[in-house]
Amino acid sequence: MNSKLILGIDPGTMVTGYGVIESLSASQYLLRECGVFRTSSQQLLGVRVREIYDEVRSTIEQFQPDVLAVEDVFVGKNARSALMLGHARGVILLAAEVCDVPVAQYSPKEIKKAVVGNGNATKDQVAFMVQKRLNLKEPPSPSDASDAVAVALSHTILSNFND
């Protein structure tokens, strides 16, 4: 297996997490960078999604990932939250398309199952397994960054599993 860079994204209109990992082998990964893009609730939605688009595109241009993995929308109980999340996902997918980066999409359950082994895992369990799988002293922070790293990890795990 060749080394690959995966950009994982945990979308949100207020806070979008991102994590860039390098997959060195089927079970060895290196965290290159992670963090969050924050927007202000005081801004109009159009301004916020433009900021997310610009940040994601800039991150793609900086790291040149082989693939962008993004979490799917989870509707749950709040349809408005799902709709807002859809706006963020839309501009993330657009940034990947404009930069000609393939996209992989995973449900929250798929991500938890891949990283933890349990599709109903808690955020703390996911963060703990991200820390262990990447041999980090502590989980990435804030939790949106940790979740984004989990999205990237799930892609490497699931794509290796399916090879």
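The values are calculated or read from the model by the stated rules, or taken from the named source; none is laboratory data. As the structure is a prediction and not an experimental result, all values here were calculated from the model. We place every Cβ from the backbone using ideal geometry, glycine too, and count neighbours over all the protein chains shown. Note: accessible area is taken over every heavy atom of the protein model, side chains too, but ligands, DNA and RNA are not part of it. Shrake-Rupley method; radii C 1.70, N 1.55, O 1.52, S 1.80 Å.
Here's the yes/no breakdown for (1) on the phi < 0 side of the Ramachandran plot; (2) open to solvent by 50 Å² or more (accessible area, probe 1.4 Å):
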{"site": "71", "(1), (2)": "yes, no"}
{"site": "115", "(1), (2)": "yes, no"}
{"site": "118", "(1), (2)": "yes, yes"}
{"site": "135", "(1), (2)": "no, yes"}
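The set of residues from segment 97-112 being part of a helix (DSSP H, G or I), open to solvent by less than 80 Å² (accessible area, probe 1.4 Å) and out of contact with any Lys or Arg (no Cβ under 9 Å at 6 or more places or on another chain) comprises 108, 111, 112. Among residues of segment 22-40 that are more than 23 Å from residue 53 (Cα to Cα) and part of a strand (DSSP E or B), those with a beta-carbon under 6 Å from a residue that is β-branched (Val, Ile, Thr) and at pLDDT 90 or above at least six positions away or on a different chain give the pairs 23/156; 29/21.
Restricting 91, 75, 115, 126 to those that are in a loop (DSSP other than H, G, I, E, B) and either at pLDDT 95 or above or out of contact with any Gly (no Cβ under 7 Å at 6 or more places or on another chain) (or both) reduces the list to 75. Do we find that residue 52 is open to solvent by less than 50 Å² (accessible area, probe 1.4 Å), within 17 Å of residue 6 (Cβ to Cβ), touching a residue at least 24 places away in the same chain (Cβ under 8 Å) and under 17 Å from the mean Cα position of the chain (by Cα) in this structure? So residue 52 fails the test. For the subset of segment 16-41 comprising residues that are surrounded by fewer than 18 Cβ atoms within 10 Å (Cβ to Cβ) and within 16 Å of residue 57 (Cα to Cα), which member is farthest from the chain's Cα centre (by Cα)? Top of the filtered list is 38.
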